[in-house]
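Any read-out appearing in this document is the output of simple, stated calculations on the displayed coordinates, not a laboratory observation. Nothing here was measured: the structure is a model prediction, and the numbers come from that model. Glycine gets a Cβ as well: all are built from the backbone with ideal geometry, and neighbour counts include every protein chain shown.
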Amino acid sequence: MFIEGCERDWEALPDPDEPLTVGIDGGYVHAREGENRKAGWFEVIVGKSMPDKGGTKRFASVNGYDQKPKRRVFEMLRNQGLQMNQSVTFLSDGGDTVRDLQLYLSPQGEHLLDWFHITMRITAMKQMAKGLPSEEKWLPDVMTELESIKWYLWHGNVFRALQELEGLDFDFGCYEGDSAIVIKLGKAIGEFHHYISANRNFIPNYGERYRYGEKVSTAFVESTVNEVISKRMVKKQQMRWTKQGAHLLLQVRVQTLNGDLRDTFRQWYPGMTPETETLSQAA
């Protein structure tokens, strides 16, 4: 819990800055455990905070290794001047890890399910639906149903979307054949049904937000995942990492991208010569 004070204290605060938008997403890094070449992957949580005016800030941590990830997010927001009476919109994929990370950071926090992850799942199911066998006459018009569900979700009508999903889920659940594509699509629909049901309270009217120029997607975080994780740990360097090594490199990388690395070093080493003094001495 990082919420400080009470409503009376918040009313006495100065007028807050423009609202902040925070997007949180995850990526995966090759794991290393001694000489084990099949150690798999571990998850890295990455986020980006974007004020309407001013510079953006990033954060990153290794899930399960960082003991105080919420503190890391809060410090980032506080460095951007967050006040307890300031609006903050958190966008995430709805996973338990990122959902817990963003709770209780601000009394004015608004938590939304990211539209990008919704439409990505629907697109994947539509691609699978194209391969459904034509001889299965019992199958509903899956493409039309999925488009209808997408439309309901875009307009915030979660009740109707869940009704449609329940019907699809029931139809595929009754299938007793051995078609691999039908079984695969049925599983995907069941998982999506659970996903929307579990996050129903975080689904707004995306269309209305979009018309008012408000963010509905964490697409802006995708570039952050790329610059923080992919470029340094996955794409260009196909090496394996321990959780400790990855976590420490992520902190340096984030500080560099945020432009805070020098100030952080000066906090650790007060005697460090400022860059302006070094340049003047050299001149």
Enclosed volume per residue, in Å³, of the convex hull spanned by Cα atoms of the stretch 50-157: 157
Angle between the chain longest axis and helix 115-129 axis [Cα atoms, degrees, rounded to 10]: 30
The stretch 117-202: equivalent-ellipsoid semi-axes (sqrt of 5 x gyration tensor eigenvalues, Cα, Å): 22, 12, 11
The stretch 139-207 versus the stretch 1-71: alpha-carbon centroid distance in Å: 31
Trypsin sites (Lys or Arg not before Pro) restricted to the stretch 159-236 and DSSP loop, no more than 14 other C-beta within 10 Å: Lys236
The chain, relative contact order in percent, only Cα pairs under 8 angstrom and at least six apart counted: 23
Fraction of beta bridges assigned by DSSP in the chain that are antiparallel (%, nearest 5): 65
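From the cross-link list Lys53/Lys243; Lys126/Lys150; Lys215/Lys243; Lys48/Lys215, which pairs have alpha carbons spaced over 23 Å apart?
Check vs 23 Å cut-off fails for Lys53/Lys243; Lys215/Lys243.
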The chain, helix-only ellipticity at 222 nm - DSSP H runs n ≥ 4, -39,500 (n - 2.57), divided by all residues, nearest 500: -14000 deg cm²/dmol
Under 12 Å from Lys187, Cα to Cα: aspartates and glutamates that are on another chain or at least 8 residues apart: Asp169, Asp171
Cα gyration tensor, the chain - rounded (a/c under 1.5), prolate or oblate: oblate
